[in-house]
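Before any comments, here is the structure.
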Amino acid sequence: MKFDTFKMERWQSMWENEVELNLSDSGISPLTLNELIEGEGVESLLETRLAYTQTNGTHELRERIAALYPGARVENVEVTNGTAEANLLAALTLIQADDEVIVQLPNYMQLWGVFQALGARTGAWNLAPDLGAGRWHDRLDELDEMVTPRTRMIALCNPNNPSGHVLGADELDRVAAIADRVGAWVLVDEIYQGMEISSGPTPTMWGRYDKVIVTNSLSKSYGLPGLRIGWILGPESTVAECWRTHDYTTIAMGALSDRLACGVLETARRDRVMVRTQEILKRNLPVVVQHVSKTENLKPILPKAGAFLMLSYEERINSSELAERLRIEKSLLVVPGDHFGMDGWIRIGFGDETNHIEEGLSRIDALLNEVRHAGTS
Ligand SMILES: Cc1ncc(COP(=O)(O)O)c(C=O)c1O
């Protein structure tokens, strides 16, 4: 099994801690441990035994995760090291060489890379950007036409990274019906659930069809990526198989992380964390909107959910080159559209410090102005 470079993660791994301004992240400004526990139970936390924890997640944690999904039981849940491991385990468990897999694009691209490494045949179901209308089109008819009896899985991310587009209940039901026609699995990465801006709560895929896998984590809407706690939700026997695969990857999660994750999923604490997330989104998106309304350089499609958006630009410079120049000349990290197969675009995150966003956008503008003047002089 040979992996191609996961371009976006490599780019972030190399540079996110080396620049002055990092607008490459897609999540919410992470909480400190102090903010998370608010002084409650520090003593008992110190008593946590740093043992191998229950390898598929403690019963208590799985119970709290199951409670988030109507009809789910602990047996439907496996806890993993982030959504990254959840996606990996689901793919390793369900996909083999030559299986046909359809992936919604643009996409985070982890699953795309894993499917390719497994020797699967990957097909792209593309969301279409519409700058004029300021939205993305689902093109579910295209998905319907692509699916064949050989299709083993349809993989999507909802809310979608990097577009911020959200499929509603009707669209998810349609995906389920399309998959059901050929008995394909539907894997939905729901990591950006809870980061809705202009749409209501994102409906889950769970419960819409029997061959559904949902993946998620505490990394984005909860602002806790450093806990590395994610999960797989699926039919009991499939989840048991994923757990078997887990024995080969990381065995278990950190015991302290399992403990803290249980705490954050208590209703009152979860509500507090989610209110904070909504406050950050509501505070920061207007900064982006105001900036792009003043510049000719950047055209946005505003996200329905997520702390990130795709910005289109017209200057004749490749997006990877633009991102590299922003990094070197302006000490700013953004994600080039190339990483999503969308040259002429960049993705910026707006979940962190409000003043970083305004400053970062100004640096992008400045560089695009320099590119234009260099082209005309
Ligand atoms: C769609 C998507 N899935 C998974 C991940 C990885 O998540 P985690 O940090 O929970 O492993 C990311 C991170 O950006 C993501 O955007």
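The values are calculated or read from the model by the stated rules, or taken from the named source; none is laboratory data. Since this is a predicted model, take the numbers as computed values, not measurements. Methodologically, a virtual Cβ is constructed for each residue, glycine included, from the backbone with ideal geometry; neighbour enumeration extends over all protein chains shown. Side chains included, ligands, DNA and RNA excluded: accessible areas come from the protein's heavy atoms. Shrake-Rupley method; radii C 1.70, N 1.55, O 1.52, S 1.80 Å.
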Other residues with Cβ under 12 Å from the Cβ of residue 327 give, with Lys and Arg +1 and Asp and Glu -1, a net charge of -3
If amide H atoms are built 1.01 Å from N in the plane of the peptide, which residues on other chains or at least 5 residues away come under 5 Å of the amide H of residue 301?
310, 312
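Kirkwood hydrodynamic radius of the chain from all distinct Cα pairs, in Å?
21.4 Å is the Kirkwood radius here.
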Express in nm, to one decimal, how much length is gained between residue 5 and residue 48 on full extension, taking 0.36 nm for each residue of separation and deducting their alpha carbon distance.
11.7 nm
Suppose R0 equals 25 Å. What FRET efficiency, 1/(1 + (r/R0)^6) with r the Cβ-Cβ distance, do residue 251 and residue 97 give to the nearest 0.05?
0.45
For region 173-255, how big is the tail of P(r) above 15 Å, as a whole percent of Cα pairs?
65
Residue 150 paired with residue 283, simple spin-label distance in nm, labels 7 Å along Cα-to-beta-carbon
5.2
Heavy atoms only, 1.4 Å probe, whole protein assembly: order 50, 281 by accessible area, highest first.
50, 281
Pulled fully out, how much extra length does the chain show between residue 376 and residue 312, if you take 0.36 nm times their separation in residues and subtract their Cα-Cα distance?
21.0 nm
Using only Cα atoms, locate the centre of region 1-47 and the centre of region 292-306, then give the distance between them in Å, rounded to an integer.
26
What value, in deg cm²/dmol to 500, does the helix sum -39500 (n - 2.57) over DSSP H runs of n ≥ 4 give at 222 nm once divided by the residues of the chain?
-13000 deg cm²/dmol
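For the pairs 282/304; 220/282; 7/282; 299/330; 294/330; 7/220, flag any whose C-alpha to C-alpha distance is greater than 23 Å.
Over 23 Å apart, Cα to Cα: 7/282.
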Given a 1.4 angstrom probe, I'd like the percentage of the accessible area of the chain that is carbon and sulfur, rounded to a whole number.
49
Under the Karplus relation with 6.51, -1.76 and 1.60 and θ = phi - 60°, whole-Hz ³J(HN,Hα) for region 178-194, x at Gly and Pro, equal 5, 5, 4, 3, 10, x, 7, 6, 10, 10, 10, 7, 10, 4, 9, 4, x
Förster radius 51 Å - calculated FRET efficiency between residue 199 and residue 117, Cβ distance, rounded to 0.05:
0.90
Which value, in debye to the nearest 20, describes the size of the charge dipole of the chain about its Cα centre when Lys and Arg Cβ atoms bear +1, Asp and Glu Cβ atoms bear -1, and nothing else is charged?
100
Among 126, 253, 195, whose Cα projects farthest towards the positive end of the dipole of region 49-266, with charges put on the beta-carbon of Lys, Arg (+1) and Asp, Glu (-1)?
253
Accessible area of residue 229, 1.4 Å probe, to the nearest 10 Å²?
0
When DSSP assigns beta bridges and you keep just the ones with both residues in region 89-188, what percent turn out antiparallel, to the nearest 5?
20
How big is the accessible area of residue 272 in square angstrom, nearest 10, if you roll a 1.4 angstrom probe over the protein chains?
100
When the solvent-accessible surface of protein heavy atoms is calculated with a 1.4 angstrom probe, in what order do 291, 373 fall, highest first?
373, 291
May I ask you to evaluate 6.51 cos²θ - 1.76 cosθ + 1.60, the Karplus curve with θ = phi - 60°, for each residue of region 155-171 and list the ³J(HN,Hα) values in order in whole Hz, giving x for glycine and proline?
10, 9, 10, 9, x, 8, 9, x, 7, x, 7, 10, 8, x, 4, 5, 5
Accessible area in the full protein assembly, largest first, 1.4 Å probe, for 115, 6:
6, 115
